[in-house]
Protein chains: 2
Amino acid sequence: MGKEVQRRRDLIAATIREIGETGTLSVTVGKIAKRAGVSPGLAFHYFGDKEALFLAAMRAILRDYGDEVRAALAGADTPAERLEAIIGASFAESHFRDGAVAAWLNFYVLAQTSDEAARLLALYHRRLHSNLVHDLRPLLGNEAPCAARRMAALIDGIYLRFALTRDAVDAAPAAEEVRAALATERAAAEAAQSA
Amino acid sequence: MGKEVQRRRDLIAATIREIGETGTLSVTVGKIAKRAGVSPGLAFHYFGDKEALFLAAMRAILRDYGDEVRAALAGADTPAERLEAIIGASFAESHFRDGAVAAWLNFYVLAQTSDEAARLLALYHRRLHSNLVHDLRPLLGNEAPCAARRMAALIDGIYLRFALTRDAVDAAPAAEEVRAALATERAAAEAAQSA
DNA sequence: TGTTTAATTGACTGGTCAATCAATAATGAC
DNA sequence: GTCATTATTGATTGACCAGTCAATTAAACA
C-alpha cells in the first residue's frame with residue numbers, strides 16, 4: 001500500500017518545513033503532524049519517536065543531495081568538469097530552501113549524542129571525500145587526499161557562513177569561493193611540478 | 001561587590017559544562033544552577049532568562065578565544081609567524097575542552113533566530129577575517145581578502161569536522177591542515193608572480 | 001546591637017509536550 | 001454485505017520546566 005509511503009513523505013516534508021520555520025529541533029510533533037494534515041498519533045505510529053522522525057528527514061535531505069551530485073556527475077566527463085559538478089551540487093538552491101539549513105545545523109548538534117546521526121554524518125563525509133579524491137587525483141597526484149580534505153572542510157565551512165549570514169540569499173558566490181580554492185590548489189600543484 | 005561577578009562566572013561555567021555534557025541547549029536552568037551550587041532562582045535573578053544566560057556563556061567563550069589570539073599575536077613578528085599564531089589559537093585545546101564544542105554548535109543553531117547571537121557571530125567573523133587579511137596581505141597581495149575568506153571558512157569547517165569526529169581527540173592535525181592550505185595559497189601566489 | 005539593604009532560596013504556577021492507547025473509520029477480501 | 005485488517009484519531013497521562021515571588025538569610029553599616 002502506497003498510503004504509508006505517502007504519509008511518511010508528507011510527515012518528513014512537514015518536519016523539514018517546521019524545523020526551518022522555528023530554526024530548532026524543539027518543534028512539537030503535534031505541529032509537524034498538523035502541518036502534514038494528520039493527527040499527532042500517526043507520526044508516532046509511523047516513526048516511533050521524534051528523533052527517528054528527524055533522522056528520517058535528515059536521511060531524505062542527504063539522499064536528495066546524493067541524487068543531485070549523481071545527476072550532475074552523469075553529465076561530466078573530465079575531472080575538472082566532475083569537480084565543478086560536485087561544487088555545483090553542493091551549493092544547489094535546494095540546499096538552502098525550506099528548512100534544509102536549519103536541519104543541517106540541528107543535525108550537527110544531534111550528531112554529538114546520537115549514534116545514528118553520527119553514522120549518517122560520517123557517511124556524508126566519506127562520500128564527499130571519496131568523490132573529491134577521485135577527481136582531484138588526475139589533477140594533483142599524491143596531493144589529492146590532502147587537498148580533498150581541505151576542499152571538503154571548505155565546502156562545509158562556506159556553507160555554514162552563507163547559511164548563517166542574514167543578507168546572503170544567493171548561493172552563487174559560495175560556489176565561486178570553492179572554485180577559487182580549487183584553482184589555487186591547481187596552481188600550487190603546477191608550481192610544485194615545474195620546480 | 002565581587003560576589004555578583006563570582007556568581008555570574010560560576011553560572012556561566014556551569015552552563016558551558018552542562019551543555020557540554022548533554023550536547024544540547026535544552027538543559028534546564030535548574031540543572032545549571034545546581035551545578036553552580038546555587039538555587040535556580042539566582043540564575044534568573046542575574047541573567048533574566050535562559051537565552052541570556054547562554055549568550056553570556058557564548059560571549060565568555062568568544063572572549064577567551066580573542067584573548068588567546070591576542071596573546072599569541074603578541075609574541076609574533078613576521079606575517080608568517082602571526083598567521084601561525086592565529087591558526088594555533090584557533091585550534092587551542094581550550095576550544096575543544098568542556099562544552100566549548102557543544103556551545104559552538106548550539107550557538108550556530110541559535111544564530112538563525114536570535115539577533116544577539118547573529119550579532120556575536122558576525123563579530124567573530126569580522127575579527128577573524130580582518131586578522132587574516134592583515135597578515136596575508138604582505139604574502140599574497142591583492143589576493144589576500146579572497147584567501148582570507150577561504151581560510152576563515154576552512155578554519156570553521158575543519159573545526160566542525162574535528163569536533164564531530166568521535167575518535168579525534170587531538171586537535172594538532174586540524175591545525176596542520178590549515179597550515180597546509182596556507183602553504184598552498186603561498187605557492188599559488190608565488191607561481192602567479194613569476195608568470 | 002539593631003536596622004537597613006542586598007543576596008538567595010525554593011515552592012509554586014501555568015503551560016508544554018512526548019508518547020500511549022482505546023476507540024473509530026476506512027479499506028479490501030470473499 | 002459481512003467481516004477482518006489496517007489506518008487514523010485525539011483525548012489523556014505523566015513528566016518536565018521556565019520563570020515568578022514571597023519569604024529567608026546574610027552583609028553592611030551606624
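The values are calculated or read from the model by the stated rules, or taken from the named source; none is laboratory data. Owing to the predicted nature of the structure, the values given are computational and were not obtained by experimental measurement. We place every Cβ from the backbone using ideal geometry, glycine too, and count neighbours over all the protein chains shown. Each accessible area value is taken on the protein alone, full model and side chains, heavy atoms only, with ligands, DNA and RNA left out. Shrake-Rupley method; radii C 1.70, N 1.55, O 1.52, S 1.80 Å.
Brief remarks on what is shown
- Backbone N under 14 Å from the A:Ala80 label point (7 Å along Cα→Cβ), restricted to region A:137-154: A:138-140
- Fluctuation leader among A:Ala122, A:Ala89, A:Ala148 - chain A, Gaussian network, Cα springs under 10 angstrom: A:Ala122
- Once the trypsin sites (Lys or Arg not before Pro) in DSSP loops with at most 14 neighbouring Cβ atoms within 10 Å are cut out of chain A, the longest remaining piece is A:1-96.
- Calculated label separations, B:Ser94, copies of the chain, 7 Å along the beta-carbon direction, nm: 4.4
- At full extension, B:Arg70 and B:Lys31 could sit 10.6 nm farther apart than now, given 0.36 nm per residue minus the alpha carbon distance.
- Principal-axis tilt of helix A:172-194 within chain A, Cα atoms, nearest 10 degrees: 30
- Scalar couplings 3J(HN,Hα) for region A:19-31, obtained by applying the Karplus form with A = 6.51, B = -1.76, C = 1.60 to θ = phi - 60°, are 5, x, 6, 9, x, 10, 7, 8, 8, 8, 4, x, 4 Hz; x denotes Gly and Pro.
- Computed [θ] at 222 nm, deg cm²/dmol, chain A (DSSP H ≥ 4; -39,500 (n - 2.57); rounded to nearest 500): -27000 deg cm²/dmol
- Note on chain B: GNM, Cα springs under 10 Å; of B:Gly20, B:Gly99, B:Gly48, the largest mean-square fluctuation is that of B:Gly48.
- Annotation for A:His129 and A:Ala192: the two label points, set 7 Å from Cα along the Cα-Cβ direction, are 1.8 nm apart.
- Nearest-ten-degree value, helix B:144-164 long axis tilted from longest Cα axis of chain B: 50
- Here the protein assembly as shown is assigned +1 on the Cβ of each Lys and Arg and -1 on the Cβ of each Asp and Glu. Its dipole about the Cα centre then comes out at about 1180 debye.
- Label point of B:Ala52 (7 Å along Cα→beta-carbon): distances to the other copies' equivalent points are 4.2 nm, sorted ascending.
- Put the Cα centre of region B:109-164 next to the Cα centre of region B:8-56 and the gap is 28 Å.
- Share of alpha-carbon pairs per 10 Å distance bin for region B:57-194, given as whole %: 11, 41, 34, 12, 1
- Counting only alpha carbon atoms, the long axis of helix B:115-140 and the longest principal axis of chain B meet at about 20°.
- Fully extended contour minus Cα-Cα distance, from B:Ala183 to B:Arg9, at 0.36 nm per residue: 58.6 nm
- Between copies, the label points at A:Glu21 (set 7 angstrom from Cα along Cα-to-Cβ) are spaced 3.6 nm, reported in nanometres from shortest to longest.
- Mean separation of Cα contacts under 8 Å (6+ apart) over length of chain B, as relative contact order %: 19
- Three principal axis extents describe the C-alpha atoms of the protein assembly as shown; from largest down they are 70, 65, 36 Å.
- A full extension of the chain between A:Glu116 and A:Phe44 corresponds to an added length of 24.1 nm, given 0.36 nm per residue minus the alpha carbon distance.
- Accessible surface buried once B binds A (1.4 Å probe; total of both sides; Å²): 3200
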